[in-house]
Amino acid sequence: MKKSLLALGVLGAFAGAAHAQSSVTLYGIIDAGLQYVSKTGGNLAGTANTSKNFQFANGNLQGSRWGLKGAEDLGGGLKAIFVLENGFNLGSGTLGQNGRMFGRQAYVGLSSATAGTLTIGRQYDSVVDFVGPFATGSQWATFAGAHPFDNDNLNNSFRVNNAVKYTTVNYNGFSAGGMYGFSNSANNGTTGTGFANNRAYSFGLGYANGPVSFGAGYLYMGSPSSNASGVINSTGDATTAMTAGGASDKAWIASAGGSYAFGPATLGLVYSHSVYQYIGGGSWKFDNAELNAKYMLTPALQLGASYTYTWSTFNALGTNVSPKYHQVNLGVDYFLSKRTDTYLVGLWQHANNDAPGGASLNGLGFSQSTNQFAVTAGIRHKF
(Lines give C-alpha, C1' and ligand atoms only; values in the text may rest on other atoms or scores of the structure.)
Protein backbone atom coordinates (compact mmCIF):
# COMPACT_ATOMS: atom_id res chain seq x y z
CA MET A 1 0.00 0.00 0.00
CA LYS A 2 1.34 3.42 -0.92
CA LYS A 3 2.32 5.51 2.04
CA SER A 4 1.19 9.13 1.76
CA LEU A 5 3.05 11.13 4.39
CA LEU A 6 3.25 14.76 5.49
CA ALA A 7 5.67 16.77 3.37
CA LEU A 8 9.28 16.72 4.47
CA GLY A 9 8.49 14.11 7.12
CA VAL A 10 9.61 11.03 5.21
CA LEU A 11 13.31 11.35 5.89
CA GLY A 12 15.34 13.59 8.16
CA ALA A 13 17.26 14.72 5.12
CA PHE A 14 14.13 16.45 3.90
CA ALA A 15 13.77 18.57 7.03
CA GLY A 16 11.80 21.80 6.96
CA ALA A 17 8.50 23.33 7.88
CA ALA A 18 5.52 21.07 7.21
CA HIS A 19 2.62 22.35 5.13
CA ALA A 20 -0.89 20.98 5.44
CA GLN A 21 -1.41 20.94 1.65
CA SER A 22 1.88 19.23 0.82
CA SER A 23 2.52 15.51 0.54
CA VAL A 24 5.30 13.07 -0.18
CA THR A 25 4.69 9.50 -1.34
CA LEU A 26 7.17 6.66 -0.96
CA TYR A 27 6.76 3.99 -3.67
CA GLY A 28 8.70 1.19 -5.29
CA ILE A 29 8.93 -2.04 -7.26
CA ILE A 30 10.99 -5.13 -6.48
CA ASP A 31 11.33 -7.51 -9.43
CA ALA A 32 13.66 -10.50 -9.80
CA GLY A 33 13.79 -14.12 -10.90
CA LEU A 34 15.78 -16.84 -12.62
CA GLN A 35 16.70 -16.92 -16.29
CA TYR A 36 17.98 -19.42 -18.83
CA VAL A 37 19.77 -18.19 -21.98
CA SER A 38 20.55 -20.70 -24.72
CA LYS A 39 23.77 -19.06 -25.90
CA THR A 40 25.59 -15.91 -24.76
CA GLY A 41 29.05 -14.44 -24.21
CA GLY A 42 29.79 -13.48 -27.81
CA ASN A 43 30.80 -10.13 -29.27
CA LEU A 44 29.88 -7.93 -32.19
CA ALA A 45 32.75 -9.25 -34.27
CA GLY A 46 31.76 -12.88 -33.66
CA THR A 47 35.18 -13.92 -32.32
CA ALA A 48 34.43 -14.91 -28.69
CA ASN A 49 33.51 -18.20 -27.06
CA THR A 50 29.82 -18.66 -26.27
CA SER A 51 27.84 -21.00 -24.03
CA LYS A 52 24.45 -21.38 -22.38
CA ASN A 53 23.81 -19.68 -19.05
CA PHE A 54 21.45 -20.08 -16.08
CA GLN A 55 21.43 -16.93 -13.98
CA PHE A 56 19.77 -14.65 -11.43
CA ALA A 57 17.86 -11.95 -13.30
CA ASN A 58 17.01 -8.56 -11.81
CA GLY A 59 14.41 -6.03 -12.97
CA ASN A 60 12.68 -8.15 -15.58
CA LEU A 61 9.15 -6.87 -16.12
CA GLN A 62 10.13 -3.58 -14.51
CA GLY A 63 13.39 -2.30 -13.09
CA SER A 64 13.64 -2.61 -9.30
CA ARG A 65 13.30 0.83 -7.76
CA TRP A 66 12.24 3.01 -4.89
CA GLY A 67 11.23 6.60 -5.18
CA LEU A 68 9.82 9.72 -3.60
CA LYS A 69 7.25 11.89 -5.33
CA GLY A 70 5.73 14.99 -3.86
CA ALA A 71 3.34 17.82 -4.53
CA GLU A 72 2.53 21.15 -2.91
CA ASP A 73 -0.76 22.85 -3.64
CA LEU A 74 0.00 26.46 -4.59
CA GLY A 75 -3.63 27.40 -5.17
CA GLY A 76 -5.61 28.13 -8.30
CA GLY A 77 -5.02 24.65 -9.72
CA LEU A 78 -1.21 25.05 -9.61
CA LYS A 79 1.09 22.58 -7.87
CA ALA A 80 4.82 22.26 -7.31
CA ILE A 81 5.89 18.67 -7.99
CA PHE A 82 9.03 16.52 -7.81
CA VAL A 83 10.14 12.93 -8.42
CA LEU A 84 13.36 11.30 -7.18
CA GLU A 85 13.55 7.67 -8.36
CA ASN A 86 16.39 5.28 -7.55
CA GLY A 87 17.12 2.10 -9.49
CA PHE A 88 18.97 -0.82 -7.92
CA ASN A 89 20.08 -4.40 -8.51
CA LEU A 90 18.28 -6.73 -6.10
CA GLY A 91 20.83 -9.51 -6.53
CA SER A 92 23.84 -7.45 -5.50
CA GLY A 93 22.27 -4.50 -3.71
CA THR A 94 24.17 -2.08 -5.92
CA LEU A 95 22.89 1.09 -7.56
CA GLY A 96 21.53 0.88 -11.09
CA GLN A 97 21.96 3.30 -14.01
CA ASN A 98 25.77 3.28 -13.69
CA GLY A 99 25.82 4.03 -9.97
CA ARG A 100 23.50 7.04 -9.89
CA MET A 101 21.60 7.77 -6.68
CA PHE A 102 18.47 8.76 -8.60
CA GLY A 103 19.29 7.35 -12.02
CA ARG A 104 15.81 6.42 -13.17
CA GLN A 105 14.24 9.87 -12.82
CA ALA A 106 15.04 13.09 -11.00
CA TYR A 107 13.06 16.22 -11.70
CA VAL A 108 11.16 19.17 -10.23
CA GLY A 109 8.55 21.43 -11.77
CA LEU A 110 5.12 23.01 -11.85
CA SER A 111 1.83 21.40 -12.84
CA SER A 112 -1.30 23.33 -13.75
CA ALA A 113 -4.78 21.88 -14.10
CA THR A 114 -5.33 24.10 -17.16
CA ALA A 115 -1.88 24.92 -18.61
CA GLY A 116 -0.05 21.58 -18.37
CA THR A 117 3.16 20.48 -16.67
CA LEU A 118 6.69 21.86 -16.94
CA THR A 119 9.57 19.90 -15.38
CA ILE A 120 13.38 20.05 -15.37
CA GLY A 121 15.91 17.29 -14.60
CA ARG A 122 16.74 13.75 -15.73
CA GLN A 123 13.68 12.48 -17.58
CA TYR A 124 12.16 10.18 -20.20
CA ASP A 125 11.89 11.37 -23.80
CA SER A 126 8.63 11.65 -25.74
CA VAL A 127 9.16 8.34 -27.58
CA VAL A 128 9.19 6.54 -24.23
CA ASP A 129 6.22 8.54 -22.93
CA PHE A 130 3.88 8.24 -25.89
CA VAL A 131 4.87 5.03 -27.75
CA GLY A 132 6.73 2.89 -25.20
CA PRO A 133 3.56 1.65 -23.42
CA PHE A 134 2.37 -0.09 -26.61
CA ALA A 135 5.47 -2.34 -26.97
CA THR A 136 5.46 -5.68 -25.15
CA GLY A 137 8.99 -5.16 -23.86
CA SER A 138 7.53 -2.36 -21.73
CA GLN A 139 4.53 -4.42 -20.67
CA TRP A 140 4.90 -8.15 -19.93
CA ALA A 141 7.76 -9.48 -22.11
CA THR A 142 10.68 -8.42 -19.82
CA PHE A 143 13.52 -6.06 -20.71
CA ALA A 144 15.01 -8.75 -22.95
CA GLY A 145 11.81 -8.74 -25.03
CA ALA A 146 12.50 -5.27 -26.44
CA HIS A 147 13.31 -4.75 -30.10
CA PRO A 148 16.93 -5.68 -30.98
CA PHE A 149 19.35 -3.66 -28.82
CA ASP A 150 16.35 -1.53 -27.81
CA ASN A 151 17.37 0.49 -30.87
CA ASP A 152 14.20 2.63 -30.63
CA ASN A 153 14.49 3.16 -26.85
CA LEU A 154 10.89 2.05 -26.31
CA ASN A 155 12.19 0.20 -23.24
CA ASN A 156 13.98 3.37 -22.01
CA SER A 157 17.51 1.95 -22.08
CA PHE A 158 18.67 5.53 -21.61
CA ARG A 159 17.22 8.67 -20.05
CA VAL A 160 17.89 12.28 -21.00
CA ASN A 161 19.98 14.44 -18.66
CA ASN A 162 19.61 18.23 -18.34
CA ALA A 163 16.10 18.08 -19.77
CA VAL A 164 13.33 20.66 -19.84
CA LYS A 165 10.00 18.98 -20.56
CA TYR A 166 6.45 20.20 -21.16
CA THR A 167 3.29 18.08 -21.28
CA THR A 168 -0.18 19.43 -22.03
CA VAL A 169 -3.28 18.64 -20.07
CA ASN A 170 -5.67 16.06 -21.48
CA TYR A 171 -8.03 17.54 -24.07
CA ASN A 172 -10.86 15.06 -24.70
CA GLY A 173 -8.37 12.20 -24.78
CA PHE A 174 -5.59 14.05 -26.61
CA SER A 175 -2.28 15.07 -25.06
CA ALA A 176 1.09 16.23 -26.38
CA GLY A 177 4.55 16.96 -25.10
CA GLY A 178 8.03 18.16 -25.94
CA MET A 179 11.48 18.01 -24.39
CA TYR A 180 14.90 19.61 -24.86
CA GLY A 181 18.07 18.25 -23.28
CA PHE A 182 21.09 20.55 -22.95
CA SER A 183 24.64 19.50 -23.80
CA ASN A 184 26.04 21.84 -21.11
CA SER A 185 28.99 22.55 -23.40
CA ALA A 186 30.16 25.83 -24.86
CA ASN A 187 29.71 26.31 -28.59
CA ASN A 188 33.36 26.10 -29.65
CA GLY A 189 32.75 23.66 -32.49
CA THR A 190 35.34 21.11 -31.37
CA THR A 191 34.44 17.45 -31.97
CA GLY A 192 32.84 16.03 -28.85
CA THR A 193 32.09 19.46 -27.41
CA GLY A 194 30.00 22.43 -28.46
CA PHE A 195 26.43 23.44 -27.73
CA ALA A 196 24.90 21.04 -30.29
CA ASN A 197 26.97 17.99 -29.33
CA ASN A 198 25.36 15.56 -26.90
CA ARG A 199 22.08 17.46 -26.85
CA ALA A 200 18.62 16.07 -27.61
CA TYR A 201 15.12 17.18 -28.44
CA SER A 202 11.92 15.19 -28.60
CA PHE A 203 8.19 15.64 -29.10
CA GLY A 204 5.14 13.42 -29.22
CA LEU A 205 1.37 13.15 -28.97
CA GLY A 206 -1.12 10.61 -27.73
CA TYR A 207 -4.79 9.76 -27.59
CA ALA A 208 -6.73 7.51 -25.22
CA ASN A 209 -10.50 7.26 -25.14
CA GLY A 210 -12.46 4.12 -24.36
CA PRO A 211 -11.01 1.06 -26.12
CA VAL A 212 -8.77 3.04 -28.50
CA SER A 213 -5.29 4.37 -27.71
CA PHE A 214 -2.43 5.52 -29.91
CA GLY A 215 0.74 7.56 -29.70
CA ALA A 216 3.59 8.88 -31.82
CA GLY A 217 6.98 10.31 -30.95
CA TYR A 218 10.26 11.61 -32.33
CA LEU A 219 13.70 11.89 -30.72
CA TYR A 220 16.87 13.50 -32.10
CA MET A 221 20.30 13.26 -30.47
CA GLY A 222 23.42 15.14 -31.58
CA SER A 223 26.66 13.25 -30.87
CA PRO A 224 25.15 11.22 -28.01
CA SER A 225 27.63 10.11 -25.32
CA SER A 226 30.38 12.34 -26.76
CA ASN A 227 31.04 13.93 -23.37
CA ALA A 228 30.25 13.47 -19.68
CA SER A 229 28.17 16.64 -19.25
CA GLY A 230 25.47 16.18 -21.88
CA VAL A 231 22.22 14.28 -22.29
CA ILE A 232 23.81 10.81 -22.63
CA ASN A 233 26.74 10.35 -20.27
CA SER A 234 29.92 9.01 -21.91
CA THR A 235 30.81 6.79 -18.92
CA GLY A 236 28.41 3.94 -19.63
CA ASP A 237 25.00 5.14 -20.80
CA ALA A 238 25.56 4.56 -24.52
CA THR A 239 23.69 1.61 -26.06
CA THR A 240 25.01 -1.03 -28.49
CA ALA A 241 23.42 0.66 -31.51
CA MET A 242 25.02 4.00 -30.58
CA THR A 243 28.56 2.63 -30.55
CA ALA A 244 28.54 -0.42 -32.89
CA GLY A 245 30.22 1.54 -35.70
CA GLY A 246 32.34 3.80 -33.48
CA ALA A 247 31.50 7.06 -31.76
CA SER A 248 28.03 8.31 -32.66
CA ASP A 249 27.70 11.51 -34.70
CA LYS A 250 23.91 11.80 -34.60
CA ALA A 251 20.86 9.62 -34.08
CA TRP A 252 17.12 9.91 -34.47
CA ILE A 253 14.08 7.77 -33.74
CA ALA A 254 10.55 8.09 -35.12
CA SER A 255 7.84 5.75 -33.86
CA ALA A 256 4.11 5.21 -33.56
CA GLY A 257 1.91 2.67 -31.85
CA GLY A 258 -1.64 1.93 -30.87
CA SER A 259 -3.96 -0.58 -29.27
CA TYR A 260 -7.60 -1.61 -29.29
CA ALA A 261 -9.26 -3.34 -26.35
CA PHE A 262 -12.37 -5.48 -26.66
CA GLY A 263 -13.61 -7.44 -23.69
CA PRO A 264 -10.69 -9.22 -22.03
CA ALA A 265 -8.45 -8.91 -25.12
CA THR A 266 -6.16 -6.13 -26.35
CA LEU A 267 -4.47 -5.97 -29.76
CA GLY A 268 -1.50 -3.68 -30.36
CA LEU A 269 0.70 -2.53 -33.22
CA VAL A 270 4.01 -0.66 -33.09
CA TYR A 271 6.33 0.67 -35.80
CA SER A 272 9.63 2.48 -35.32
CA HIS A 273 12.48 3.75 -37.48
CA SER A 274 15.91 4.37 -35.90
CA VAL A 275 19.09 5.76 -37.46
CA TYR A 276 22.56 5.91 -35.88
CA GLN A 277 25.28 7.70 -37.83
CA TYR A 278 28.92 7.37 -36.78
CA ILE A 279 31.69 9.97 -36.70
CA GLY A 280 34.06 7.72 -38.66
CA GLY A 281 31.45 7.28 -41.40
CA GLY A 282 28.68 4.78 -41.93
CA SER A 283 25.47 4.07 -40.08
CA TRP A 284 23.11 1.46 -38.67
CA LYS A 285 19.47 1.93 -39.67
CA PHE A 286 16.60 -0.08 -38.14
CA ASP A 287 12.94 -0.57 -38.95
CA ASN A 288 10.85 -2.46 -36.38
CA ALA A 289 7.28 -3.70 -36.81
CA GLU A 290 5.56 -5.39 -33.86
CA LEU A 291 2.15 -7.05 -33.61
CA ASN A 292 1.09 -7.99 -30.08
CA ALA A 293 -1.87 -9.27 -28.10
CA LYS A 294 -2.78 -9.91 -24.48
CA TYR A 295 -5.78 -11.69 -23.02
CA MET A 296 -7.12 -11.80 -19.46
CA LEU A 297 -8.08 -15.46 -19.21
CA THR A 298 -9.34 -14.78 -15.69
CA PRO A 299 -9.17 -11.61 -13.57
CA ALA A 300 -5.91 -12.98 -12.16
CA LEU A 301 -4.31 -14.61 -15.23
CA GLN A 302 -2.95 -12.74 -18.26
CA LEU A 303 -1.60 -14.32 -21.44
CA GLY A 304 0.57 -12.42 -23.91
CA ALA A 305 2.09 -12.99 -27.35
CA SER A 306 3.91 -10.83 -29.87
CA TYR A 307 5.89 -11.03 -33.09
CA THR A 308 8.46 -8.43 -34.19
CA TYR A 309 10.23 -8.21 -37.53
CA THR A 310 13.28 -5.95 -37.68
CA TRP A 311 15.10 -5.16 -40.91
CA SER A 312 18.22 -3.04 -40.89
CA THR A 313 21.30 -1.94 -42.82
CA PHE A 314 24.73 -1.82 -41.20
CA ASN A 315 27.28 0.16 -43.20
CA ALA A 316 30.30 0.74 -40.97
CA LEU A 317 33.69 -0.71 -40.02
CA GLY A 318 34.32 -1.73 -43.61
CA THR A 319 31.15 -3.83 -43.93
CA ASN A 320 27.86 -3.30 -45.73
CA VAL A 321 25.27 -5.88 -44.66
CA SER A 322 21.52 -6.14 -44.08
CA PRO A 323 20.80 -7.74 -40.69
CA LYS A 324 17.27 -9.04 -40.20
CA TYR A 325 15.66 -10.29 -37.00
CA HIS A 326 12.51 -12.28 -36.26
CA GLN A 327 11.44 -12.29 -32.61
CA VAL A 328 8.60 -14.06 -30.79
CA ASN A 329 7.65 -13.20 -27.18
CA LEU A 330 5.28 -15.34 -25.11
CA GLY A 331 4.27 -14.63 -21.53
CA VAL A 332 2.04 -15.70 -18.65
CA ASP A 333 1.42 -13.37 -15.70
CA TYR A 334 -0.47 -14.50 -12.59
CA PHE A 335 -1.61 -11.81 -10.13
CA LEU A 336 -1.54 -13.01 -6.55
CA SER A 337 -2.89 -9.62 -5.44
CA LYS A 338 -3.08 -6.05 -6.72
CA ARG A 339 0.55 -5.56 -5.74
CA THR A 340 2.20 -8.96 -6.28
CA ASP A 341 2.43 -11.14 -9.39
CA THR A 342 4.47 -14.04 -10.72
CA TYR A 343 5.41 -14.47 -14.36
CA LEU A 344 6.90 -16.84 -16.92
CA VAL A 345 8.23 -15.41 -20.20
CA GLY A 346 9.79 -17.18 -23.18
CA LEU A 347 11.67 -15.33 -25.93
CA TRP A 348 13.08 -16.54 -29.24
CA GLN A 349 15.03 -14.51 -31.78
CA HIS A 350 16.24 -15.60 -35.20
CA ALA A 351 18.81 -13.49 -37.06
CA ASN A 352 20.09 -13.87 -40.59
CA ASN A 353 23.77 -14.40 -41.33
CA ASP A 354 24.35 -10.66 -41.84
CA ALA A 355 23.59 -9.82 -38.19
CA PRO A 356 26.77 -8.67 -36.38
CA GLY A 357 27.28 -10.99 -33.41
CA GLY A 358 24.31 -13.12 -34.44
CA ALA A 359 20.98 -13.25 -32.64
CA SER A 360 20.98 -11.04 -29.53
CA LEU A 361 17.95 -10.61 -27.29
CA ASN A 362 18.14 -7.22 -25.61
CA GLY A 363 20.67 -7.21 -22.77
CA LEU A 364 21.44 -10.95 -23.00
CA GLY A 365 24.65 -10.76 -25.02
CA PHE A 366 25.59 -11.93 -28.50
CA SER A 367 24.95 -15.57 -29.38
CA GLN A 368 27.19 -15.66 -32.48
CA SER A 369 24.59 -17.96 -34.01
CA THR A 370 21.36 -17.44 -35.90
CA ASN A 371 19.13 -18.29 -32.92
CA GLN A 372 18.90 -17.31 -29.27
CA PHE A 373 16.31 -18.48 -26.76
CA ALA A 374 15.60 -17.32 -23.21
CA VAL A 375 13.14 -18.23 -20.44
CA THR A 376 12.58 -16.06 -17.36
CA ALA A 377 10.51 -16.91 -14.29
CA GLY A 378 10.13 -14.35 -11.52
CA ILE A 379 8.11 -12.38 -9.03
CA ARG A 380 7.25 -8.68 -8.85
CA HIS A 381 6.04 -6.75 -5.82
CA LYS A 382 4.88 -3.14 -5.82
CA PHE A 383 4.60 -0.87 -2.80
Relative contact order (%) - criterion: Cα under 8 Å, at least six apart; region: segment 289-383: 21
Using Stokes-Einstein with the Kirkwood hydrodynamic radius over Cα pairs, what translational diffusion coefficient do you get for segment 199-248 at 10 °C and a viscosity of 1.306 mPa s, in µm²/s rounded to a whole number? 123
Length added when fully stretched, Leu267-Asn49, from 0.36 nm per residue minus Cα-Cα: 74.5 nm
Per-residue SASA entry for Phe182, accessible area with 1.4 Å probe, Å² rounded to 10: 80
Regarding segment 99-143, what whole-number volume in Å³ per residue does the convex hull of its Cα atoms give? 111
Using a Gaussian network for the chain with springs between C-alpha atoms less than 10 Å apart, which of these wobbles most: Gly70, Gly245, Gly263? Gly263
Under a point spin-label approximation (7 Å from Cα along Cα-to-Cβ), what is the Tyr295-Val212 distance to one decimal in nm? 2.5
List the aspartates and glutamates whose Cα sits under 19 Å from the Cα of Lys285, skipping any in the same chain fewer than 8 residues away. Asp150, Asp152, Asp249, Asp354
Looking at segment 46-156 from every direction and averaging, what is the projected area of its Cα convex hull in nm²? 9.3
Rolling a 1.4 angstrom probe over the protein chains, ignoring ligands and nucleic acids, what is the accessible area of Trp311 in square angstrom, nearest 10? 90
Extension gain Ser112-Ile81, at 0.36 nm per residue separation less the Cα-Cα distance, in nm? 10.1 nm
Kirkwood Rh over alpha-carbon pairs of the chain, then Stokes-Einstein at 20 °C and 1.002 mPa s: what D in µm² s⁻¹, rounded to an integer? 98
Of all the stretches in the chain, which is the longest one without any exposed loop site, taking trypsin sites (Lys or Arg not before Pro) in a DSSP loop (any state but H, G, I, E, B) with at most 12 other Cβ atoms within 10 Å? 3-337
GNM on the chain, C-alpha springs below 10 Å: top fluctuator among Ala200, Ala115, Ala163? Ala115
Helix-derived mean residue ellipticity, 222 nm - over the chain, DSSP H n ≥ 4, -39500 (n - 2.57), to 500: -500 deg cm²/dmol
Given an 8 Å cut-off on Cα distances and at least 6 residues of separation, report the relative contact order of the chain as a percent. 15
At q = 0.15, 0.16 1/Å the base-10 log of I(q)/I(0) from the Debye formula over the alpha-carbon atoms of segment 184-295 is -0.72, -0.78
When only the heavy atoms of the protein chains count and the probe is 1.4 Å, how do Val131, Val321 rank by accessible area, highest first? Val321, Val131
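The values are calculated or read from the model by the stated rules, or taken from the named source; none is laboratory data. All of these numbers come straight from a predicted model, not from anything done at the bench. Cβ atoms come from the backbone with ideal geometry, glycine included; neighbour counts cover every protein chain shown. Please note that ligands, DNA and RNA were not included when accessible areas were found on the heavy atoms of the full protein model with its side chains. Shrake-Rupley method; radii C 1.70, N 1.55, O 1.52, S 1.80 Å.
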